[in-house]
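Student: Got a structure here, written out as structure tokens. Questions coming.
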Amino acid sequence: MAVEPPEESSIRSLWRDFRDSSTLHGLSHISKERTLARGILWLILVIAMGISLSITLYDLKEQYFSYPTLTMLNIKMSNEIEFPAVTLCNISPYKMSKLNPDAAMMDYLKRESNIGSFMPPMNFSDPKYLPLYKDGEEGWLTNSSYSISDLFITCKWKTTLYFDCSKLLSPYKTEWGICFSFNGLDTPIPHVTHYTGSILGLTLYVHVNQTDYVYARNMGAGVKIVIHNHNEEPNVMNSGFLISPGFTTYLSLEKKEYKFLPRPFKVSGDEYCLDTSSPEFRNPLKHHRLYSYTGCLRECKEDYAYRKCGCRNHHDLGHQTPICSIERDYNCHKPAREEFSGNVTLQRGCGCSVPCSLTEYSTRLSTALFPAMLYDDWIKATFGYSHIRENIMEVRLYYESLLYKTFEKVQKITFIDILASIGGQMGIFLGASVLTLSELMEVMFMSIVVLCKKIVRPRRLAPITVVEVEKQR
């Protein structure tokens, strides 16, 4: 019978001492001093609890690296609050008296409007359409559209009344045409207010002038209003609401702020937000001073149509590229825009992301007839307008209160939660703790030290047998 070398005996004694004195529950019951059946039973129990702990810790790891979030809702009060941007567009994108269309242009406008669905497609081989092959000119859209003085009678902001609304509003080129924005992208310092109620908000008196309407996409009369944050592109094609002349319309505003966590946390599905407040952020947009999701999509759509057609629409934001002729716009640019708008794959290929911080506004709308009959004669005498009910409206935008809501995404599982959960799971399954792990690491370290000594110091003596020991005696 061979006697074990001192090193191997030392390693075995280290692990035997760990087994007998460890704070790991059940480990001390696996011993030769107990019956074989009891030892095997306790070994099976310890292994089963270890496997269960491993599975639980794996599930915990999967949860943590899925980066789940919670949404915290807070209602805050402020002494003053930023007023939203208000973009207003006449339903008629052009003014008839400025456009002065010939027969070919009038035929084109009809086919571009809703009644175009009831007409055959344009046959551009017809000689009468030759004027529509002429390249577009810079400034044509502005010269053919309503101006601020054409559309607005007076404007009032807080306590100040403006007869020249250009002091409050600025023209902005949109996909709808030339619209007019208050507190929009061109405003260097956004307007704020500490007033509530409809008297001291923003009041607009608008004259739509139906007699100068042209055929358009919408067969109604009135204006379209979009409420948006001052650093966002107004999405006039897909959002907003229509307001009819002959009514006074009250729009009560409520501000909502959304704050999302940047990567690796997701906003929804597989979408990540763009942290525009990061010092490393660089605005990728060419024609927008500030980044916004709608602005990014608009530029991407315009670039897509330009690549397909080699020209841009009058409504596009670029200035260094040629403008399409009406024929080219009708046969190429418009189909390209419609293709992009209906193709989610093309839109996702733009790489546009929602900002991690954004602001939205909800509105409540109420209306009444405008004006009351009592004021008809005064309006006619003062401003010289006729057909008041068909052309004039009053619009009031205001906050009911200075309360606003914030929706903030927060991390659901933090590193502290992970530590607490690991400790709890180890305690439930094995009765272990951090100190138990320290004991195990100590034994492993000492075993490695013993093995290293064995490798570095070669054995000079052969193993001593029991027989040789007896002879020496």
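The values are calculated or read from the model by the stated rules, or taken from the named source; none is laboratory data. None of the values given here were measured: they were computed from a predicted structure. When we count neighbours, we look across all protein chains shown, and the Cβ atoms used for this are built from the backbone with ideal geometry, even at glycine. Surface areas here come from the heavy atoms of the whole protein model, side chains and all, with no ligands, DNA or RNA. Shrake-Rupley method; radii C 1.70, N 1.55, O 1.52, S 1.80 Å.
Student: I'd like the Kirkwood hydrodynamic radius of region 73-193, using the inverse of the mean 1/r over distinct C-alpha pairs, in Å.
Tutor: Computed over region 73-193, the radius equals 17.6 Å.
Student: Output the relative contact order of region 219-314, whole-number percent, from Cα pairs under 8 angstrom with separation of 6+ residues.
Tutor: The value is 22 percent.
Student: Could I ask something else about it? Express the carbon and sulfur contribution to the solvent-accessible surface of the chain as a percent, rounded to the nearest whole number, probe 1.4 angstrom. Let's see the in-between values first.
Tutor: Numbers: 15730 of 27180 Å².
The value for the chain is 58 percent carbon and sulfur by accessible area.
Student: Here's something else I'd like to know. Rounded, prolate or oblate: which fits region 296-433 when a ≥ b ≥ c are the square roots of the eigenvalues of the alpha-carbon gyration tensor, with rounded for a/c under 1.5 and prolate only if a/b beats b/c?
Tutor: It is oblate, given that a/c is not under 1.5 and a/b is not larger than b/c.
Student: Now a separate question. Per residue, how much accessible area does the chain show when a 1.4 Å probe rolls over the protein heavy atoms, in square angstrom? Mind dumping the intermediate values first?
Tutor: On the way: 27180 Å² over 473 residues.
For the chain, the per-residue accessible area is 57 Å².
Student: Rg (Å, one decimal) plus Dmax (Å, integer) for the alpha carbons of region 127-202?
Tutor: So, for region 127-202, Rg and Dmax equal 17.4, 62 Å respectively.
Student: Under the Cβ-under-4.7 Å rule, which cysteines of the chain stay unpaired?
Tutor: Taking the Cβ cut-off of 4.7 Å, the unpaired cysteines of the chain are Cys452.
Student: Given region 278-333, report the % of alpha carbon pairs whose separation exceeds 19 Å.
Tutor: 34
Student: Based on the alpha carbon coordinates of region 376-429, what radius of gyration and maximum Cα-Cα distance (Dmax) apply, in Å?
Tutor: Spelled out, the Cα radius of gyration and Dmax of region 376-429 are 31.6, 89 Å.
Student: Per 10 Å bin, what percent of the C-alpha pairs of region 228-344 does each bin hold, from zero upward?
Tutor: 11, 30, 31, 22, 6, 0
Student: How are the Cα pair distances of the chain distributed, in percent, across 20 Å bins from 0?
Tutor: Calculated over all Cα pairs of the chain, the distribution is 17, 35, 19, 13, 11, 4, 1 percent.
Student: Here's a follow-up. With a cut-off of 8 Å between alpha carbons and a minimum separation of six or more residues, what is the relative contact order of the chain in percent?
Tutor: 26
Student: Here's another thing I want to ask about it. Can you bin every Cα-Cα distance in region 263-306 into 5 Å intervals starting at zero and give me the percent of pairs per bin, rounded to whole numbers?
Tutor: Cα pair-distance distribution for region 263-306, in percent: 5, 19, 22, 22, 19, 10, 3.
Student: Hydropathy first: keep DSSP H helices in the chain averaging at least -1.0 on Kyte-Doolittle, then drop any whose Cα extent along the axis falls short of 20 Å, and list what survives.
Tutor: 36-65, 415-430, 434-456
Student: Among Ile243, Ser117, Gly184, which residue has its Cα furthest toward the positive end of the charge dipole of region 94-247, with +1 on Lys/Arg Cβ and -1 on Asp/Glu Cβ?
Tutor: Ile243
Student: In whole Å, what three semi-axes, largest first, describe the equivalent ellipsoid of region 334-411 built from its Cα gyration tensor (square root of 5 times each eigenvalue)?
Tutor: Working: eigenvalues 370, 128, 17 Å².
So the equivalent ellipsoid measures 43, 25, 9 Å along its semi-axes.
Student: So, one more: Beyond 16 Å, how much of the Cα-Cα pair distribution for region 51-123 remains, as a whole percent?
Tutor: 76
Student: Roughly how many debye, to the nearest 20, is the charge dipole of the chain about its Cα centre, given +1 on each Lys and Arg Cβ, -1 on each Asp and Glu Cβ, and no other charges? All intermediate terms of the calculation are to be shown ahead of the outcome.
Tutor: On the way: 51 positive and 50 negative charges, 279 e Å.
Magnitude of the dipole: close to 1340 debye.
Student: What's the longest piece of the chain with no exposed GluC sites (Glu not before Pro), counting a site as exposed if DSSP puts it in a loop and it has at most 13 other beta carbons within 10 Å?
Tutor: 139-279
Student: Continuing with this model, one more query. Once region 151-279 is represented by equal point scatterers at the alpha-carbon sites, with solvent omitted, what log10 I(q)/I(0) does the Debye formula produce at q = 0.16, 0.19 Å⁻¹?
Tutor: For region 151-279 at q = 0.16, 0.19 Å⁻¹, log10 I(q)/I(0) is -0.99, -1.27.
Student: Turning to a different aspect of this structure: Past 21 Å, Cα to Cα: identify those pairs from Lys98/Lys308; Lys156/Lys224; Lys167/Lys380; Lys259/Lys412, in the order given.
Tutor: Going by Cα-Cα distance, Lys98/Lys308; Lys167/Lys380 fall outside the 21 Å limit.
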